[in-house]
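Here is the structure we will look at.
The values are calculated or read from the model by the stated rules, or taken from the named source; none is laboratory data. Because the structure is a prediction, the values reported are computed rather than measured. Cβ: placed from backbone, ideal geometry, glycine included. Neighbour counts: every protein chain shown.
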Amino acid sequence: MVPLDAGSKSNIIQSPLWKNINDIHLVLPLFIYFDDVEPDNHTGSHAGDHSFGALYYQIPCIPQHHMSSLENIFISSIFLSDDRYLNNGNAFRPIINELKDLQDNGILVLVYFCFCLLLANNLGFYSITGFTESFNANYYCRFCKEHKLVMKRQVRENVSLLRNKKNYETDILINDVSLNGIKDQCVWNEFQSYHVVTNLVTDLMHDILEGVCHYDLYAILEEMINVKKYFTLQTLNERIQNFVYDFDIGDKPSVIIFNNIRGQKLKMSALEMLFFVRHFGLMIGDLLPEGEEVWQLYIRLVQILDIVTAPFVDKDLTTYLATLIAEHHGLYCKLFVESLKPKYHFMIHYPRIMNLIGPLIHVWSMRMEGKHRPVIKQVAKATNCRKNLPFNLAARFLSKQDLQRDVIFNSKQKILIDCYNYNDFQHILSPGSENSVVVTEATICNITYKINMVLAINFQNGLKAVFEPNGIMFSTCFTERSTTPSIARPRNYCYTEFRLC
């Protein structure tokens with residue numbers, strides 16, 4: 001990881017937030033994630049009877065490839081959702097007491113644990129921290145005290161109205177949700193290392209991939225298809241169907257129907273939307289005229305996505321992000337005469353939050369929600385008994401824990417010296433590597449690599465430098481010339497050629 005004083009952050013322990021809450025002990029940070037889960041069929045006769053509140057935790061200072069693995073996301077607590085609706089304090093009391101003990105007393109090897117971030121989707125976060133759960137409230141933002149009428153056109157953060165401990169305590173005493181957006185005291189504020197208005201976190205999966213991207217793409221498609229008629233919906237769907245997905249076939253977006261556009265909601269998962277936004281320009285860029293203003297809105301969205309999903313944070317990058325968000329929001333209001341929805345407003349706080357805690361990709365809900373399926377939904381479906389179901393689910397989960405391999409490769413392999421073009425690259429090999437194993441596919445640190453896959457490894461003059469491996473071994477990759485399109489403008493292409501060893 002890059003040292004904190006280098007100005008770049010890739011992990012919570014390099015962030016200003018951790019610097020403020022760390023102490024003299026050997027301390028490990030903990031992230032707590034909350035979500036409500038329905039284990040039964042949503043349309044069945046027992047829908048809602050066994051709705052669970054699920055608390056997971058992870059240790060965010062482990063290597064990134066381990067952090068993204070579902071095996072390293074652990075169950076903290078499972079309880080019936082009805083129990084929480086009576087009282088947040090009672091529902092979370094066991095885990096709060098246990099976290100306090102870990103933070104104050106540590107464990108036998110004298111490693112202390114420090115609860116520093118609470119993760120959840122927006123509605124889930126608001127419901128367990130005492131904020132109003134209505135996004136139509138006068139003061140619905142948990143980061144600032146801006147009025148909802150101002151937020152509809154706001155493109156930059158107003159630092160004078162940010163929430164802090166002092167005005168939070170004042171708002172608790174006022175006890176009027178219509179004046180400050182706070183219903184109850186946050187039960188998680190009992191920790192010395194945590195306060196709901198200082199330990200800030202946001203979820204780009206729900207804010208952008210399941211929110212802003214849908215709103216933007218709906219407006220862009222409406223403008224391009226129905227207003228300016230650059231192409232038809234049939235043409236777009238044909239290009240979606242015929243696009244070369246290769247190794248991303250699992251994220252292939254569904255075809256778009258007219259009702260999706262009219263309803264302002266495209267039928268895509270978060271990962272499908274991420275793929276669609278990043279490749280939309282390649283699909284239809286050749287059909288647009290130069291200088292199209294709606295295209296500029298799309299470009300801003302892609303640039304924002306590239307930054308908020310990056311595995312590192314740099315001060316200059318977040319400053320640029322604030323400008324991109326302001327330009328994006330301004331263009332959206334100008335082009336479509338629309339007011340900004342709440343998820344647009346949350347985005348203006350992203351640069352400050354990234355400077356505070358580091359990359360947002362480490363705190364989004366994507367991997368945590370992925371934990372629901374193996375832990376709750378699959379086991380609940382296979383379990384006939386519904387008596388004390390939370391206990392049964394937790395017990396099943398704990399019985400399946402084991403260590404995972406960092407490297408997995410397919411059985412189709414050969415010795416390096418037996419490769420047909422061995423003489424072409426043997427001069428760049430390290431001595432003694434001629435007997436290394438070469439495979440056509442390998443999963444290393446939870447990332448799958450295959451031959452003919454184009455990989456971006458660097459930036460040169462603002463363009464991506466890429467290579468295409470012909471074979472995979474543990475220490476060397478062999479490359480050939482590769483061509484990659486740029487989406488900065490329609491029909492703009494570049495390429496670079498080099499070797500990696």
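L123 - would you say it is within 26 Å of E190 (Cα to Cα), surrounded by fewer than 21 Cβ atoms within 10 Å (Cβ to Cβ), within 26 Å of the chain's Cα centre (by Cα) and modelled with pLDDT under 95? Give the derivation first.
Values: within 26 Å of E190 (Cα to Cα): yes; surrounded by fewer than 21 Cβ atoms within 10 Å (Cβ to Cβ): yes; within 26 Å of the chain's Cα centre (by Cα): yes; modelled with pLDDT under 95: yes.
So L123 passes the test.
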Which of the helices (runs of 4 or more DSSP H) found entirely inside the range 311-376 contain at least 1 residues meeting this: within 20 Å of V212 (Cα to Cα), under 20 Å from the mean Cα position of the chain (by Cα) and charged (D, E, K, R)? 342-347, 350-357, 366-370
Tell me whether the range 280-289 contains one or more residues that are within 30 Å of H345 (Cα to Cα) and touching a strand residue (DSSP E or B) at 6+ places or on another chain (Cβ under 6 Å). yes
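Taking the options L266, L301, name whichever one is in contact with a Leu (Cβ under 9 Å, 6 or more places away or on another chain), under 26 Å from C333 (Cβ atoms) and part of a helix (DSSP H, G or I).
Details: L266 fails: part of a helix (DSSP H, G or I).
Within the list L266, L301, the selection yields L301.
Hey, can you tell me all the residues within the range 113-139 that are in contact with a Ser or Thr (Cβ under 8 Å, 6 or more places away or on another chain) and without any contact (Cβ under 8 Å) to a residue 60 or more places away in the chain?
Let us first name the residues in the range 113-139 that are in contact with a Ser or Thr (Cβ under 8 Å, 6 or more places away or on another chain), namely 114-116, 118-121, 126, 133, 137-139.
Across the range 113-139, the qualifying residues are Y126, E133, A137, N138, Y139.
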Across the range 240-286, which residue is modelled with the lowest pLDDT among those that are of a type in the set (K, R) and within 23 Å of the chain's Cα centre (by Cα)? K265
Return the pair list, or none, for Cβ contacts closer than 7 Å from residues in the range 80-104 that are under 21 Å from F115 (Cα atoms) to residues that are small (G, A, S), at least 6 apart or on different chains. R84/G53; R84/A91; A91/G53; P94/S77; I95/S76; I95/S77; Q103/S193
If I filter the range 202-233 down to residues being surrounded by fewer than 23 Cβ atoms within 10 Å (Cβ to Cβ) and among the β-branched types (V, I, T), which single residue comes out as farthest from R278 (Cα to Cα)? V227
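Consider L217 carefully, then state whether it is assigned by the TED database to the domain that holds L331 and under 23 Å from the mean Cα position of the chain (by Cα). Walk me through how you get there before you give the answer.
Values: assigned by the TED database to the domain that holds L331: yes; under 23 Å from the mean Cα position of the chain (by Cα): yes.
It is true that L217 is assigned by the TED database to the domain that holds L331 and under 23 Å from the mean Cα position of the chain (by Cα).
Condition test on C213, is it of a type outside the set (G, A, S) and over 20 Å from F280 (Cα atoms)?
Values: of a type outside the set (G, A, S): yes; over 20 Å from F280 (Cα atoms): no.
Taking the combined requirement at face value, the residue does not satisfy it.
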Top-ranked residue in the range 136-163 [being polar (S, T, N, Q) and within 17 Å of I353 (Cβ to Cβ); ranked as surrounded by the most Cβ atoms within 10 Å (Cβ to Cβ)]: Q154
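Go over the candidates I240, I256 one by one and state the one that is buried (at least 19 other Cβ atoms within 10 Å of the Cβ) and assigned to a loop (DSSP other than H, G, I, E, B).
Checking each option against the conditions leaves just I256.
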Does any residue in the range 259-278 that is under 14 Å from N237 (Cα atoms) and among the polar types (S, T, N, Q) come within less than 7 Å, Cβ to Cβ, of a residue that is at pLDDT below 90 and surrounded by fewer than 18 Cβ atoms within 10 Å (Cβ to Cβ) six or more places away or on a different chain, and which pairs are these? N260/K267
Within the range 316-339, is there a residue that is modelled with pLDDT under 95, farther than 23 Å from C144 by Cα, among the hydrophobic types (A, V, I, L, M, F, W, C) and in contact with a strand residue (DSSP E or B) (Cβ under 7 Å, 6 or more places away or on another chain)? no
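Suppose we keep only residues that are under 15 Å from D36 (Cα atoms) and at pLDDT below 85 within the range 88-102. Which one would you say is surrounded by the most Cβ atoms within 10 Å (Cβ to Cβ)? Before you say what the answer is, go through the steps one by one.
Quick first cut of the range 88-102, residues under 15 Å from D36 (Cα atoms) only: 88, 91-92.
If we keep only those that are at pLDDT below 85 as well, we get 88, 91.
Values: N88: 19, A91: 22.
Checking each candidate, the answer is A91.
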